[in-house]
Amino acid sequence: MRTLLAAILALTVTSSFAAEAPIVIKFSHVVAVDTPKGKAADYFKKIAEERTKGRVKVEVYPNSQLYKDKEEMEALQLGAVQMLAPSLAKFGPLGVKEFEIFDLPYIFDSYAEVDKVMKGPIGAKLFTKLETKGIKALGFWENGFKNFSSNKPIRTPNDLRGMKIRIQSSKVLDEEMRTLGALPQVMAFSEVYQALQTGVVDGTELEPSNLYTSKAFEVQKHLTLTNHGFLGYAVIVNKTFWEGLPADIRATLTTAMNDSSTYANQIAKQETDKALAAIKASGKTTIYTPTAAERAAFRKALIPVHQKMSSRFGQDLLTEIYKETAFKPVE
């Protein structure tokens, strides 16, 4: 009898402990802690754990500690991690080609235009498309506008001719580079610094925060503020995991993510300005702001990419975005 009672007591204690064990969310990303994405991920961890009163534990793994760019999406689908914040370009290779529309050069001229698209019906419709891939989108985080860097001055589109430029895996970005006469090199973000340092690639198209925090600016003598493309992220979770959460936990995490997205998007431009100031102060990279005429030349050279690649995401979607942003081609 004593043995039976002891077994029952042990089972009760074990069950009680199991019931109290927190739900673990592994949140993996590929950039530094002090980037807008890194700060927003840590902010989400803080408020999610506070608001669920310890019932959820968020483990954040920055800097490709767990997975590189190409690996992380598969890891999410397999359930090895529960949450990611990949750039929108990552969904094209996954089979949701519509997201590559965000890689188009000069499709957005401001954060306000990005917000109008991503926080409206177009963004909601695109997020829904991810569910067929076992993915649930919870939020949209901004980062900033991309610029060209290299070890030689870039003043005109022709200056990029023949240069090996690192890009993300995106058919649109590939076409963008080829339109400029550059040689696109698909590469994981974690490999960029070494590739620039050793001359495997000649330059990048990065936004200031990632250029600065990755230290890539230390091996790039020139940065030209072309602002030719936008980089944003979708915060996503494994759909099966998300739907298996208790309803009250899911509701609390949804609110926490909404607040984290607001925070992320509020600090995006601020972090861009800080990164540019730090790069300038380092004295290692010369920052050049194109004249209006030089910017117009880049725009004129790159706008044809829109129609060249429209079959990837559909002319109707492109027209919808043009309408939302009042897009005007080069005159």
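Bear in mind that the values in this text are calculations on the coordinates, not laboratory data. For clarity, every value in this text was computed on a predicted model and none was experimentally measured. Note: ideal-geometry Cβ built from the backbone for every residue, glycine included; neighbour counts use all protein chains shown.
Here are the numbers for the structure shown:
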quantity: Angle in degrees between helix 36-51 and the longest Cα principal axis of the chain, rounded to the nearest 10; calculated: 20
quantity: 0 to 90° range, to nearest 10: angle between helix 315-325 axis and the chain longest Cα axis; calculated: 90
quantity: In Å, descending, principal axis extents of the Cα set of the range 269-331; calculated: 45, 25, 21
quantity: Rounded to 10°, Cα long-axis angle of helix 247-282 versus longest principal axis of the chain; calculated: 40
quantity: Taking N as its residue count, the alpha carbon Rg of the range 98-201 over 2.2 N^0.38 Å; calculated: 1.25
quantity: Among 224, 319, 179, residue whose mean-square fluctuation peaks in a GNM of the chain (springs only between Cα atoms under 10 Å); calculated: 319
quantity: Where chymotrypsin sites (Phe, Trp or Tyr not before Pro) fall in DSSP loop in the range 29-69, at most 16 other Cβ within 10 Å; calculated: none
quantity: Paired Rg and Dmax values of the range 2-325, which use every Cα atom, in angstrom; calculated: 21.7, 89
quantity: Sequence of 242, 141 once ranked by neighbouring C-beta atoms within 10 Å, starting from the fewest; calculated: 242, 141
quantity: Dipole axis of the range 2-325 (+1 Lys, Arg; -1 Asp, Glu on Cβ), positive-most option in 101, 120, 223; calculated: 223
quantity: Computed Kirkwood radius, in angstrom, where 1/r is averaged over Cα pairs of the range 182-331; calculated: 18.9
quantity: Structure-based [θ]222 nm, the chain - -39500 (n - 2.57) summed over DSSP H runs of at least 4, per residue, nearest 500; calculated: -14500 deg cm²/dmol
